[in-house]
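Let me begin by presenting the structure, written as structure tokens, before commenting on it.
Taken together, the values in this text are just the output of simple stated rules run on the coordinates, not laboratory data. Here the structure is a predicted model, which is why all the values come from computation and not from measurement. In this analysis, Cβ positions are derived from the backbone assuming ideal geometry, glycine residues included, and neighbour counts consider all displayed protein chains.
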């Protein structure tokens, strides 16, 4: 009579033998990704062909509507890498930033050849104010690590500036004085309209044929770029919105940041219109001529048909 081995006993013998092999197959991290973690001095894991590097903001004490909120509730940033074609890695990420960190971190990313693809909030009534910035890049894994590290190193180390989320005396508003609107219009290259103390320049995107349900979407429907100026020649504020093709985002961001303007949001206004249009909101304060020059620099990047946000397959 043949001796039968109970199934549970067979599993008991085989499982310990197989487990180490399974763990190696499931968890073995490519050597270049190990190098990334070592260079960044961060923890991460490798699953589903993706290296995920954790960037939790444990340095922040956040409360939402008066309630102390732990970091895992939604303040754990990250970057991730996966292998693409031609030996290139694709990097994406979402970093958690204080209000005063947003633009210094953005400049560090742009200056190192990375893209910023979205900027928005995830919460209401949080203190301090928190913003979330999505990033993108492609190249060799260790090169991407070198590119992103300057931005990571700024997190938690940006000195608070006037108008930041930290408690500090608010600066006086710009004095209402003589704003040379003709000079502003000359720099921008377009005339605007006066509405009380505000001078606003609005431009459509007539170079784009945007449609929704067969209807043409024009400037009056919201497909426009604008800048509102307030104050005096010496001390003015500007706020506005830029309507961009996806391929124009990075160069517009660079133009604004190089001219000292703060980017405050990057998002959609339309979800079913084609082609896709991205909207960027910005703000700045300083001499009116300098603000107008910054806005003009952004305008000059529109309609070129280039940019670094091209689809990569």
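Below are the figures for this structure:
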{"read-out": "D_trans [Stokes-Einstein, Kirkwood Rh over alpha-carbon pairs] for the stretch 181-260, 4 °C, 1.567 mPa s, µm² s⁻¹", "value": "91"}
{"read-out": "Calculated FRET value between residue 281 and residue 216, using beta carbons and R₀ = 41 Å, to 0.05", "value": "0.95"}
{"read-out": "Sorted peptide list for 180-191, 280-291, criterion being average Cβ within 10 angstrom, highest first", "value": "280-291, 180-191"}
{"read-out": "Per-pair calculated FRET efficiency, R0 = 45 Å: residue 35 and residue 271 via Cβ, rounded to 0.05", "value": "0.65"}
{"read-out": "Taking the stretch 31-154 and dividing mean pair separation by its residue count, relative contact order in percent (alpha carbons under 8 Å, at least six apart)", "value": "25"}
{"read-out": "Computed E for residue 48/residue 134 - FRET, C-beta separation, R0 25 angstrom, nearest 0.05", "value": "0.80"}
{"read-out": "Packing rank of 144-157, 73-86, 102-115, where each peptide gets the mean count of other beta carbons within 10 Å, highest leading", "value": "102-115, 144-157, 73-86"}
{"read-out": "Zero-based 10 Å bins, Cα pair distances in the stretch 31-154, whole percents", "value": "13, 45, 31, 10, 1, 0"}
{"read-out": "Label point at residue 146 placed 7 Å out along Cα→Cβ; residues across the stretch 31-61 whose backbone nitrogen lies under 17 Å", "value": "32-41"}
{"read-out": "Most to least packed among 232-244, 122-134 [average Cβ atoms within 10 Å]", "value": "232-244, 122-134"}
{"read-out": "Length gained when the stretch residue 293-residue 64 is fully extended (0.36 nm per residue, less Cα-Cα span)", "value": "78.6 nm"}
{"read-out": "The stretch 181-299, relative contact order in percent, only Cα pairs under 8 angstrom and at least six apart counted", "value": "27"}
{"read-out": "Relative exposure of 248, 100, judged by other C-beta atoms within 10 Å (fewest first)", "value": "100, 248"}
